[in-house]
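*Asks:* Sending over a structure as structure tokens; questions will come in a sec.
No lab work stands behind these numbers, since they all come straight from the coordinates. Because the structure is predicted, anything quoted here is derived from the model rather than measured. In this analysis, Cβ positions are derived from the backbone assuming ideal geometry, glycine residues included, and neighbour counts consider all displayed protein chains.
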Amino acid sequence: MLLRYVCSVLTLIALGIFGVIALTGGALAVVLRDPIYAVLSLVKAMLGLAAVYFILGAEYIGAIQVIVYAGAILVTFLFVVMLVNLTPADIPPLPRGLNLYGALILAITWMVTLSIALKAVLELPDPEEAMGMPTDQYLFGTLPPIGKALFTAYALPFEVLSITLVVGIVGASLLAQKRHEL
């Protein structure tokens with residue numbers, strides 16, 4: 001009994017540490033003025049999220065987080081930022097006044113809304129109670145249920161996301177091209 005308690009406390013501490021790492025990386029990605037450091041901070045946030053997924057037992061999602069997001073997409077962002085070659089004069093100043101306070105109010109409102117939604121989700125009945133049958137907890141975060149959900153219920157959002165990523169890559173490559181004067 002004591003061992004189970006110690007393991008749960010250590011799990012909560014690890015979740016807290018990696019959650020803080022993820023939040024710090026995300027905050028630094030927004031605040032830092034240098035785009036390269038901002039992208040590297042975003043990599044830090046993605047690795048923190050992957051660690052949280054691993055701790056929660058969703059190994060497949062954690063591996064995809066590292067391979068796809070931290071490994072592929074953010075490295076592509078880093079190359080694009082390096083190709084654009086921004087100078088300090090190209091970076092706009094930080095927002096002040098109404099723009100800053102409007103963004104802060106919007107962020108706080110969004111945080112409160114998500115907190116209320118999370119509270120509502122946590123108050124939902126367990127799947128076992130709702131369906132009247134036990135669920136396969138050992139399959140949580142593994143490939144079969146994720147693949148089934150991704151290619152059945154979420155097929156259209158998956159395809160829309162892929163089109164959005166292609167448009168983003170084309171736009172980034174157009175921005176990276178040198179402008180020729182006629």
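*Asks:* Taking the Cβ of Leu78 as the centre, find all other residues whose Cβ is under 14 Å away and add up their charges (Lys, Arg: +1; Asp, Glu: -1).
*Replies:* 0
*Asks:* Using a simple spin-label model with points 7 Å from Cα along the Cα→Cβ vector, what separation in nm is obtained for Val30 and Val160?
*Replies:* 2.4 nm
*Asks:* Another question about this same structure. Subtract the Cα-Cα distance of Thr76 and Ala103 from 0.36 nm times their separation in residues, and report this length gain in nm to one decimal.
*Replies:* Between Thr76 and Ala103, full extension yields 7.0 nm more.
*Asks:* Label-point separation (nm) for Val170 and Lys148, each offset 7 Å from Cα along Cα-to-Cβ?
*Replies:* 3.7 nm
*Asks:* I need the calculated FRET efficiency for the pair Leu118 and Ala89, taking r as the beta carbon distance and R₀ as 35 Å, to the nearest 0.05.
*Replies:* My answer for the efficiency is 0.25.
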